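Below: one structure, written as structure tokens.
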Amino acid sequence: MRLSRYFLPVLKETPAEAQIVSHRLMLRAGMIKQASAGIYSWLPLGYRVLKRIEQVVHEEQQRAGHIPVLMPTLQSADLWQESGRYDAYGDELLRIRDRHDRDMLYGPTNEEMITDIFRSYVSSYKALPLTLYHIQWKFRDEVRPRFGVMRGREFLMKDGYNFDLTKEDALHAYNRHLVTYLRTYERLGLQAIPMRADSGPIGGDDTHEFLVLAETGESEVFYDAEITDLKFGDRAIDYDSVDQCRAVLEEFTSRYARTDETHDPALFDKVPAERQRVARGIEVGQIFYFGTKYSEAMGATVQGPDGKPVPVHMGSHGIGVSRLVGAIIEASHDDKGIIWPEGVTPFACGIVNLRQGDDAADAACEQLYGALAAIGLEALYDDRDERAGAKFATMDLIGLPWRITVGPRGLKNGVVELTSRRTGESEELAPEAAIRKLADIYAPHLGAARA
Ligand SMILES: Nc1ncnc2c1ncn2[C@@H]1O[C@H](COP(=O)(O)OP(=O)(O)OP(=O)(O)O)[C@@H](O)[C@H]1O
Ligand SMILES: [Mg+2]
């Protein structure tokens, strides 16, 4: 993308309404525009990040055998009356009436609708196990939408639903989701800690929330410092293996880690004092096992091996896709702007031409741009006729992890400059060497998606 032809409405001023750094930076970097309270338009740069996160979520869900679908945002109230949540959900549920006086709602979650799909088509245990998921906009009429996309009213969520014959199988699905989430967050450049949580209006006993530590987080969290040393990394895992998935769950949840809702001071006191941590965190996902709550209420039964009908065991599993954009920025920024992890960056690198209009500099930039595209890396080329300082400031603000700076002086010596946004370190090297280096850096992130 050439910046002269892009739509990147960066702001010079710091918007007064934004209370936290991610909201400020998303507005300043021209990523979002508020449409009304808690409802945002995603401008090109923000949209690219959102799509990258979605892509990673899709890849990790499908790696575990979960199947994507797409359900509508608007739902009929009938299904919610069947489950009993139409009245129970409260004021966060946006109720709508259509022209035929039918009660509708803008879905805050999809347990009812997916259970209806399931019961319409599945009648035998032989179709199990089954996990369906989608990434779709949700609406919750939050009393206090705030912090930009972190607590919106309309927000993008991945929600997945497992259907299993037995509780044991459904707990395997739960553990399997925990593994997929650990991998997903790490690919997004985040550490998200699974913490024992409260189930709220979804219902159920077993539930973990995933929290990213950040001062601006809305939840107070209590944990054993050892937990932050855990890394999922690049391990191979067989998602069908009950033992392997359970072992990961045990590894990542055996130490004390709870939110304020479930915090137990007596248990916490058993953690050695020097390892006790009290901090704040951003909830970026949650997994639930809720058994037969919806299947019984809505008649989602299958014929078991003995021919008798049994209600299926279910769970639901959510990732806050749009909230993650803010959470990543909270976890990765400095006083100049955003610092995108390679896994989600909107462009692989920026190219800054120090002397637009200089034949050699223009040609070198074009060549770099093309060579990067040829290996599947999209660059954002600042080809505007602007001062170098302004170009650097824009690049720092929008946070591309790598920048190649091209100027006539360097080119005379056959070099360009490659700069890391994170460390600020620069090195001079031949253009081909810069490309080779970026190819290596992005190799782990070059899935089918980016090519
Ligand atoms: N208002 C919101 N704005 C943006 N993301 C949200 C919002 N509400 C929930 N999410 C995201 O969707 C994920 C799954 O939804 P879930 O039903 O667990 O939310 P929740 O527990 O009600 O969230 P919270 O406690 O933050 O209100 C959450 O972990 C969070 O990342
Ligand atoms: Mg939650």
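Results, tabulated for the structure shown:
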item	result
Some residue of the stretch 215-235 being away from ligand 2 (no atom under 16 Å from the Cβ), more than 19 Å from residue 326 (Cβ to Cβ) and of a type in the set (Gly, Ala, Ser)	yes
Selection count where residues are over 16 Å from residue 341 (Cβ atoms), without any contact (Cβ under 8 Å) to a residue 60 or more places away in the chain and surrounded by 15 or more Cβ atoms within 10 Å (Cβ to Cβ), scope the stretch 393-432	14
Filtered residues of the stretch 369-384 (kept if part of a loop (DSSP other than H, G, I, E, B) and within 28 Å of the chain's Cα centre (by Cα))	375, 376, 377, 378
Any chance residue 313 is away from ligand 1 (no atom under 16 Å from the Cβ), of a type outside the set (S, T, N, Q) and at pLDDT 95 or above	yes
Test: residue in the stretch 111-130 that is touching a residue at least 60 places away in the same chain (Cβ under 8 Å) and within 16 Å of ligand 2 (Cβ to nearest atom)	yes
Scan of the stretch 306-335 for residues that are under 17 Å from residue 109 (Cα atoms) and within 16 Å of ligand 2 (Cβ to nearest atom), ordered by number	315, 316, 317, 318, 319, 320, 321, 322, 323
Criterion (within 16 Å of ligand 1 (Cβ to nearest atom), in contact (Cβ under 8 Å) with a residue 24 or more places away in the chain, surrounded by 17 or more Cβ atoms within 10 Å (Cβ to Cβ) and under 30 Å from residue 126 (Cα atoms)) met by exactly one of 150, 157	157
Some residue of the stretch 92-99 being in contact (Cβ under 8 Å) with a residue 12 or more places away in the chain and in a helix (DSSP H, G or I)	yes
Some residue of the stretch 105-112 being of a type outside the set (Ser, Thr, Tyr), under 27 Å from residue 16 (Cα atoms) and part of a strand (DSSP E or B)	no
Residue in the stretch 248-266 that is of a type in the set (Phe, Trp, Tyr), away from ligand 1 (no atom under 16 Å from the Cβ), closer than 21 Å to residue 164 by Cα and assigned by TED's automatic domain parsing to the domain that holds residue 172 present	no
Filtered residues of the stretch 283-300 (kept if of a type in the set (Ser, Thr, Tyr) and either in contact (Cβ under 8 Å) with a residue 60 or more places away in the chain or farther than 27 Å from residue 320 by Cβ (or both))	289, 294, 295
Filter pass, residue 303 being over 22 Å from residue 226 (Cβ atoms) and either touching a residue at least 12 places away in the same chain (Cβ under 8 Å) or within 16 Å of ligand 2 (Cβ to nearest atom) (or both)	yes
Filter pass, residue 41 being out of contact with any Cys (no Cβ under 9 Å at 6 or more places or on another chain), farther than 30 Å from residue 294 by Cα and exposed (fewer than 14 other Cβ atoms within 10 Å of the Cβ)	yes
Cβ-Cβ under 8 Å pairs, at least 6 apart or on other chains, the stretch 59-86 side under 23 Å from residue 343 (Cα atoms), far side among the charged types (D, E, K, R)	60/183; 60/187; 61/158; 63/183; 64/176; 65/240
Hits in the stretch 154-175 (condition: within 16 Å of ligand 2 (Cβ to nearest atom) and charged (D, E, K, R))	158, 159
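The values are calculated or read from the model by the stated rules, or taken from the named source; none is laboratory data. Given the structure is predicted, the values throughout are model-derived calculations rather than measurements. Cβ atoms come from the backbone with ideal geometry, glycine included; neighbour counts cover every protein chain shown.
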